[in-house]
Amino acid sequence: MDLEVAIAPCKDGNSAGMIQAMEEAGTQALLSVPGCNSVKVLPGVENPGTVILMIEWDSVDAHNAGTSTEGFGAFLAAAGPFLGEGITMQHFRLS
């Protein structure tokens, strides 16, 4: 298992909007992608206009393959309006 960790600045600092979009549609959309096992979105403390996304994938390959799915497109449709510039992302091996 691999954990994707993305630190995402939100447009206009609207992390509450991003979290709501994920609760309403984004999380379920990602969970429909084959190889996606869990999704967490948390607001920043020191930088409240930023969120961290932690997405557990079967593998980095599963993540890469998942980006062309309908579910990933639905995630982008839900979250995209809230995503600002300067997102950083890395994968970490869980086991």
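Computed from the coordinates by the stated procedures, all read-outs in this text should not be read as laboratory data. Source: prediction; values computed, not measured. Note that we place each Cβ from the backbone using ideal geometry, even for glycine, and neighbour counts take in every protein chain shown.
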Please list the non-local residues whose amide H lies under 5 Å from the amide H of Ser32, H modeled 1.01 Å from N, same-chain partners needing a gap of 5 or more. none
Counted neighbours (other Cβ, 10 Å), sorted fewest up, put Asp58, Asp12 in the order Asp12, Asp58
Helix 70-79 versus the longest principal axis of the chain: what is the Cα-based angle in degrees, 0 to 90, to the nearest 10? 10
How large is the charge dipole for the chain, taken about the Cα centre, if only the Cβ atoms of Lys, Arg (+1) and Asp, Glu (-1) carry charge, to the nearest 20 debye? 80
Per-residue ellipticity at 222 nm attributable to helices in the chain (runs of n ≥ 4 DSSP H, -39500 (n - 2.57) apiece, nearest 500 deg cm²/dmol) works out to -8000 deg cm²/dmol
Segment 2-93, Rg to Rh (Cα coordinates; Rh as Kirkwood inverse mean 1/r): 0.95
